[in-house]
Every structure is written in C-alpha cells, then in structure tokens.
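Asks: Following this message is one structure expressed as structure tokens.
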Amino acid sequence: MGREASGRCHWKGESGAVKALLESSEIILRGEIRGRIARAAISAFAVEADTLVLTAGGEPLRLELGGTEAGKWAAMLARPAPTLAHKLGVGPACRAFVIGKVDDPELAAALAGATTSSLADAAVLIAVLNGEADLAAAFDVARTVPRCPLWCVYGKGRFVTVGDAAIRSFMRDHGYRDNKSCGVSDRLTATRYGKAR
C-alpha cells in the first residue's frame with residue numbers, strides 16, 4: 001500500500017502531531033504519538049470531515065489527515081490487504097523455484113502450491129538467505145535464468161544474518177538492481193532483484 005501523511009492523532013487519551021504510514025498489514029504512527037495498529041485489529045473506519053476515524057482493538061483512534069487524504073486512506077482500507085503470495089507474484093500459474101530452506105510459516109503458506117523443481121518452469125526465484133554463501137549460491141542460479149526476477153528473503157532486526165546493504169552491494173556489483181521489497185513475517189523481509197538492462 002505505502003501511503004504516508006502528516007496530521008494530528010487522537011488515541012488512548014493522547015493527542016499529538018504524527019506522521020502516519022499505511023502499510024499493507026498495519027498503520028504505523030511516528031512523532032508525538034507512536035504505535036503500530038495491525039489492519040486485522042481495525043474493526044471499523046469512516047471519514048468524518050477531514051478525519052479518518054478508526055476503531056482498533058476496541059479503542060477509538062482519530063487521524064486528522066485532511067478530507068482528501070482521509071478519503072484515500074479509507075478507500076485503501078476498504079480493499080482487501082494483498083497476500084504475501086500476491087506481493088511475491090507467485091501462484092499456481094506463476095511458480096517459484098526455491099533456493100534454500102523455507103522454515104518460516106508465512107513464507108511456506110505463501111508458496112504452498114506455487115513452487116516448481118524445474119528452472120525451466122519457474123517464473124520467479126525465491127532465495128532464503130542465511131549468510132553470504134547463500135547469496136552467492138542464489139546468484140549462481142539466477143544468472144542461469146536472467147528472465148526470472150530473484151527475491152532475496154533474509155532476516156530483519158535481531159534475525160539478520162546477512163544485511164540488506166551487503167545483499168544490495170553484491171547484486172549491484174553483479175549487474176542486478178533492486179526494484180521491489182516487502183515484509184514476509186515478523187522475522188523476515190524480502191527484496192526483488194532483476195537483471196539491469
């Protein structure tokens with residue numbers, strides 16, 4: 001989703017200036033009021049004048065974003081959140097060749113029924129990286145099928161084993177460019193790379 005707006009927030013008895021981000025799975029508040037509200041916790045929302053009014057986890061939350069922006073946020077909240085499979089671009093008609101071990105439940109669920117053991121049948125590559133050796137191995141596969149985008153899936157926060165900067169540097173040094181990213185789970189994130197033209 002990725003909308004961002006500045007305004008005032010009224011939540012849990014507090015009021016303050018915030019920068020609010022609407023992501024596919026949550027709303028993130030930064031500034032004088034900080035917090036994360038999972039989309040799954042939002043039970044109701046409406047626009048009142050220039051304010052987006054939410055009920056999240058049983059608590060009322062008001063975001064003064066301006067009438068136009070509040071309306072855009074409401075329209076986005078009304079749409080179903082994209083699934084991880086959709087974000088990765090995989091499904092029964094668009095199969096992934098997986099490099100590495102998938103032990104994350106969210107990633108495993110997204111890939112269910114959407115993988116192939118044949119590079120010739122793959123539309124996308126998914127590489128689970130637990131270190132720099134995994135990155136080199138994934139690249140060795142990717143360069144044999146340059147038509148396929150390569151999703152590098154790696155740890156975030158305290159789960160980092162190979163960082164985003166190291167992955168980006170390696171891939172760019174080998175003629176690939178990052179063109180999309182998405183969260184995978186509480187412990188994993190992913191960045192998609194394609195062969196530079």
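Asks: What percent does the relative contact order of region 84-195 come to when contacts are Cα pairs within less than 8 Å and at least six residues apart?
Replies: 23 percent
Asks: Bin by bin, in steps of 10 Å, what percent of the Cα pairs in the chain do you find, going until the bin that has the longest distance?
Replies: 9, 31, 26, 21, 12, 1
Asks: What are the ³J(HN,Hα) values, in whole Hz, obtained from phi via the Karplus relation 6.51 cos²θ - 1.76 cosθ + 1.60 with θ = phi - 60°, for each residue of region 26-35 in sequence order, with x given for Gly and Pro?
Replies: 6, 10, 10, 10, 10, x, 5, 10, 10, x
Asks: Can you give the log10 of the normalised intensity I(q)/I(0) at q = 0.16, 0.23 Å⁻¹, computed with Debye over equal Cα scatterers of region 36-134?
Replies: Here log10 of I(q) over I(0) equals -0.76, -1.08.
Asks: Can you divide the C-alpha Rg of region 120-197 by 2.2 N^0.38 Å and report the result to two decimal places?
Replies: Working it through for region 120-197, the quotient is 1.01.
Asks: Among the lysines, which fall within straight-line cross-link reach of K101, defined as a Cα-Cα distance under 29 Å, with same-chain neighbours fewer than 8 residues apart omitted?
Replies: The reachable lysines, counting only those whose Cα sits under 29 Å from K101, are K87, K156, K180, K195.
Asks: I would also like to ask the following. Residues with amide H under 5 Å of E26's amide H, sequence separation 5 or more or different chain, H placed in the peptide plane at 1.01 Å from N; which?
Replies: Amide H neighbours of E26, under 5 Å, 5+ apart: R39.
Asks: Based on Cβ point charges of +1 for Lys and Arg and -1 for Asp and Glu, what charge dipole magnitude is obtained for region 1-112 about its Cα centre, in debye rounded to the nearest 20?
Replies: For this selection, approximately 220 debye.
Asks: Here's a follow-up. Among DSSP beta bridges lying fully in the chain, give the percent that are antiparallel, nearest 5.
Replies: The antiparallel proportion sits near 85 percent.
Asks: Hey, another quick one. Can you tell me the FRET efficiency between K101 and A165 if r is taken as the Cβ-Cβ distance and R0 is 25 Å, rounded to the nearest 0.05?
Replies: Efficiency computed from Cβ-Cβ geometry: 0.60.
Asks: Sticking with this one: Any idea what diffusion coefficient region 3-78 gets from Stokes-Einstein, in µm²/s, Kirkwood Rh on alpha carbon pairs, 4 °C, 1.567 mPa s?
Replies: Rounded, D is 109 µm²/s.
Asks: Rounded to the nearest 0.05, what FRET efficiency do K19 and D121 have when you use their Cβ-Cβ distance and R0 = 35 Å?
Replies: Calculated transfer efficiency: 0.20.
Asks: For region 84-195, give the share of DSSP beta bridges that are antiparallel, in percent and rounded to the nearest 5; count only bridges with both residues there.
Replies: 60 percent
Asks: Ok, one more. What's the Kirkwood radius of region 152-193 in Å, using all Cα pairs?
Replies: 10.4 Å
Asks: Can you tell me, using C-alpha contacts under 8 Å and at least 6 residues apart, the relative contact order of the chain as a whole percent?
Replies: 12 percent
No lab work stands behind these numbers, since they all come straight from the coordinates. Just so it is clear, the structure is predicted and the values come from calculations on it, not from any experiment. When we count neighbours, we look across all protein chains shown, and the Cβ atoms used for this are built from the backbone with ideal geometry, even at glycine.
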